[in-house]
Amino acid sequence: MIARLLAFTAMSLIAFNASAQSGLSFYQYVKQLEAQMVKDGADASQTKAAFSGVKLFKKAVVVQQRERKKVKTLDTFLPRLVNEQRVKKARALYKQHLPLLKEIEKKYHIQPRFIVALWGVANDFSDGVDGYNALSVLSSLAYSNQQDSHYQKQIKATLALLAASDIGMNEVKSNWAGKLGLFNLESTQYLNSFQDYNNDGRSDIWHSLGDSFATTAKLMEDSGWEQAYTWGRQVKLPKDFDQSLLTTGDYKPLSEWKSFGITRFDNRPLPSAKLTAKLVAPDGIKGRIYLTYHNFEHLLTLTDSLYNAIAVGYLSNRIKFPPIQ
């Protein structure tokens with residue numbers, strides 16, 4: 001136990017010593033952040049109050065670095081994340097919440113199975129999350145990744161959330177990665193699409209399923225989700241396939257992919273629908289290969305990972321088939 005604690009502390013110190021690229025201490029960096037936010041238009045007194053409680057959150061950086069070093073393949077990742085227990089739970093919750101999900105679909109035009117699948121992959125169907133002070137987490141990540149403006153954008157959005165009276169926040173809570181609520185949304189995503197679905201005067205994506213489902217659906221609708229279509233499918237490549245097509249990221253008609261000898265994974269021909277798709281192969285030519293439609297791009301914005309986006313798509317398929325009685 002002591003050895004693990006010492007190792008964790010050493011890793012933390014190494015991470016933060018290496019991350020102080022500007023030569024500033026964390027708290028000096030936070031003061032700079034505060035000044036920059038005010039310069040960018042944030043209210044000075046509100047910003048000062050919000051930053052007064054910011055603390056160094058070493059776990060965020062340590063876990064981020066550990067996640068980056070993990071070796072993943074879909075062959076190991078999917079069976080762990082989309083196991084039979086999670087599929088069974090997803091189908092049960094889909095059935096349980098179908099009246100609410102149908103209301104959401106009618107208003108925002110997002111198929112219910114995708115909402116449930118996103119929920120499962122994000123937080124294993126938790127119906128309530130809390131977490132850490134989002135500004136502390138995001139400031140720590142910004143300090144550790146000073147060449148990346150992403151976290152500063154999220155900090156700016158978090159301050160805007162605190163200032164938005166129609167959201168009703170005194171403090172914004174996040175997970176270790178700075179993601180918010182039941183669906184692990186970015187602060188920018190929440191700010192742009194928050195919904196108070198139960199009309200209680202507060203958009204609560206941490207504890208309200210209605211607000212969480214609606215906010216995520218609104219975000220997907222705003223991004224251009226096409227209700228008439230799905231996300232993609234696993235496929236098989238012919239032995240003589242031109243591997244350069246795996247890396248171009250080009251969208252081509254299904255008829256063209258069919259002409260290259262690509263089939264569905266069960267060897268049936270590709271659909272005859274007039275759709276365009278692109279190849280996605282996270283693990284290269286020897287791994288699982290997918291033809292994905294434009295909706296897959298929207299799953300990526302919600303998951304930040306090819307692996308998670310594919311897991312959402314796969315789980316949504318398992319919710320749909322076989323049909324739930």
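Give the shape of the stretch 75-224 as rounded, prolate or oblate, defined through the alpha-carbon gyration tensor: a ≥ b ≥ c are the square roots of its eigenvalues, a/c under 1.5 means rounded, and otherwise the shape is prolate if a/b is larger than b/c and oblate if not. Don't skip to the answer; put the middle values down first.
On the way: a/c = 2.00, a/b = 1.30, b/c = 1.54.
Cα axes put the stretch 75-224 in the oblate bin.
Here are some pairs, Lys70/Lys153; Lys70/Lys179; Lys72/Lys153; Lys55/Lys179; which of them have Cα atoms lying more than 23 Å apart in this structure? Please list the in-between numbers first.
Details: Lys70/Lys153 27 Å; Lys70/Lys179 20 Å; Lys72/Lys153 29 Å; Lys55/Lys179 17 Å.
In this structure, Lys70/Lys153; Lys72/Lys153 exceed 23 Å between Cα atoms.
Tell me, how many Å apart are the Cα centres for the stretch 42-101 and for the stretch 168-207?
Comparing the Cα centres of the stretch 42-101 and the stretch 168-207, I get a distance of 13 Å.
Which of the following values of Cα Rg over 2.2 N^0.38 Å was calculated from the structure shown: (1) 1.09; (2) 0.97; (3) 1.15?
Answer label, from the structure shown: (1).
Could I have the simple spin-label model distance between Asn83 and Asn198, label points 7 Å from Cα toward Cβ, reported in nm to one decimal?
It is 3.1 nm.
Mind checking the full-extension length gain between Phe321 and Lys236? Use 0.36 nm per residue of separation minus the Cα-Cα distance, one decimal, nm.
28.5 nm
Rolling a 1.4 angstrom probe over the protein heavy atoms, how many square angstrom per residue are accessible across the chain?
For the chain, the solvent-accessible area averages 50 Å² per residue.
State the three equivalent ellipsoid semi-axes of the stretch 136-273, derived from the C-alpha gyration tensor as the square roots of 5 times its eigenvalues, in descending order and whole Å. Could the numbers behind the result be given before it?
Numbers: eigenvalues 326, 87, 27 Å².
Largest first, the stretch 136-273 gives 40, 21, 12 Å.
Measure off, as a whole percent, the carbon and sulfur share of the 1.4 Å-probe accessible area of the stretch 31-78, all protein chains present.
Numbers: 1530 of 3010 Å².
After summing per-atom areas, the C and S share lands at 51 percent.
Mind checking which lysines have their Cα closer than 17 Å to the Cα of Lys236? Skip sequence neighbours fewer than 8 apart in that chain.
Output for Lys236: Lys252, Lys258, Lys278, Lys286.
If I model a spin label at Glu171 and Lys95 as a point 7 Å from the Cα along the Cα→Cβ vector, what separation in nanometres do I get?
Modelled inter-label distance: 4.0 nm.
Can you send over the carbon and sulfur percentage of the accessible area for the stretch 154-262, probe radius 1.4 Å, protein chains only? Provide the component values of the computation, followed by the final result.
Working: 2150 of 4690 Å².
Ligands and nucleic acids excluded, carbon and sulfur reach 46 percent.
Where does the charge balance sit around Leu159 when Lys and Arg score +1, Asp and Glu -1, over other residues with C-beta under 13 Å from its C-beta? The partial results should precede the final answer.
Values: positive: Lys39, Lys48, Lys153, Lys156; negative: Glu34, Asp40, Asp43, Glu171.
It works out to a net charge of 0.
Please state the shape class of the stretch 24-103: rounded when a/c is under 1.5, otherwise prolate if a/b exceeds b/c and oblate if not, all from the C-alpha gyration tensor.
Working: a/c = 4.08, a/b = 1.73, b/c = 2.35.
The shape class here is oblate.
The values are calculated or read from the model by the stated rules, or taken from the named source; none is laboratory data. Keep in mind the model is a prediction, meaning the values are calculated, not measured. Glycine gets a Cβ as well: all are built from the backbone with ideal geometry, and neighbour counts include every protein chain shown. Please note that ligands, DNA and RNA were not included when accessible areas were found on the heavy atoms of the full protein model with its side chains. Shrake-Rupley method; radii C 1.70, N 1.55, O 1.52, S 1.80 Å.
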